[in-house]
1. Report the residue count in the range 1-32 for those that are over 20 Å from Glu202 (Cα atoms) and in a loop (DSSP other than H, G, I, E, B).
2. Hey, among the residues in the range 58-100 that are at pLDDT below 90 and among the charged types (D, E, K, R), which one's farthest from Glu40 (Cα to Cα)?
3. Among (1) modelled with pLDDT under 90; (2) over 23 Å from Leu135 (Cβ atoms), where does Asn47 come up short?
4. Please determine, by comparing only the residues of the range 19-50 that are under 14 Å from Cys66 (Cβ atoms) and in contact with a Leu (Cβ under 8 Å, 6 or more places away or on another chain), which one is least open to solvent (accessible area, probe 1.4 Å).
5. Quick check: is even one residue across the range 114-132 open to solvent by 50 Å² or more (accessible area, probe 1.4 Å), in contact with a strand residue (DSSP E or B) (Cβ under 8 Å, 6 or more places away or on another chain), at negative phi and β-branched (Val, Ile, Thr)?
6. Determine whether the range 96-103 contains at least one residue that is touching a residue at least 12 places away in the same chain (Cβ under 8 Å) and open to solvent by 70 Å² or more (accessible area, probe 1.4 Å).
7. Out of the residues in the range 161-171 meeting the condition of being modelled with pLDDT of 90 or more and surrounded by 13 or more Cβ atoms within 10 Å (Cβ to Cβ), tell me which one is nearest to Ala3 (Cα to Cα).
8. I'm trying to understand the selection: among the residues of the range 172-202, which are exposed (fewer than 13 other Cβ atoms within 10 Å of the Cβ) and either in a strand (DSSP E or B) or of a type in the set (Ser, Thr, Tyr) (or both)?
Amino acid sequence: FCAAQDLQTVLRCHIEAFAAMAGAPGEVLYDRMKTAVIGEDAEGVVNYNVSLVALLSHYGALPRACRPYRAKTKGKVERPFRYVREDFFLGRSFRDLEDLNAQFRQWLDTVANARRHATTGRIVAEHFAEEKPHLQALPAGPFNAVLTLDRRITRDGMVSVGGNLYSVPDGTRRRVVEVQTLAGTINILEDGELIAAHPVLE
């Protein structure tokens, strides 16, 4: 679970999901969310977010969007969330995001993935173990650049990215620096040289 649904968060979640599965699928189905689907041309060809396509290409996967107004496909994407909402969330409380994710991990291991699936009639974890060899191997190197923007340094020596402030060294000469937003890192560059790197703040 995340505190935002921006592109950077979506890309980071993809990377973490592929790492958790220890492989990548050949295709990822999307419910036409704005961070995935930009629009559609006159011939009905879907235009995907270029940063998402770049990440999927790095893992050897292709995006596929649900067809509009087709409840069958859209329901296939949304059905697991209904199960999570009704079976996991009801009657629970959480201290913070970290506690929420820890409880969710335990629920996945002891309830959701240990159950017999109503549609397939199979134990979820066992079914995944059979399908896992069909995933593509993870690439050797990490996925890198996502978004590059210029940011003005405040009087306090900070740059603002996604509503959070990140510091730059005291000796920074320029008032405007280049910020590279990676899936999990914020890199700040001056004249093409890296001057600061910070983990992404939620």
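The values are calculated or read from the model by the stated rules, or taken from the named source; none is laboratory data. No experiment lies behind these values; they were computed from the predicted model shown. Backbone-built Cβ (ideal geometry, glycine too); neighbour counts: all protein chains shown. Keep in mind that these areas ignore ligands, DNA and RNA; they rest on the heavy atoms of the full protein, side chains included. Shrake-Rupley method; radii C 1.70, N 1.55, O 1.52, S 1.80 Å.
1. 6
2. By that ranking, first place goes to Arg82.
3. With (1) modelled with pLDDT under 90; (2) over 23 Å from Leu135 (Cβ atoms) applied to Asn47, the lone miss is (1).
4. Going through the qualifying residues, I end up with Ala36.
5. No.
6. No, there is no match, as no residue in the range 96-103 is touching a residue at least 12 places away in the same chain (Cβ under 8 Å) and open to solvent by 70 Å² or more (accessible area, probe 1.4 Å).
7. Once the filter is applied, the top-ranked residue is Leu165.
8. Hits for the range 172-202 are Val176, Glu193, Leu194, Pro199.
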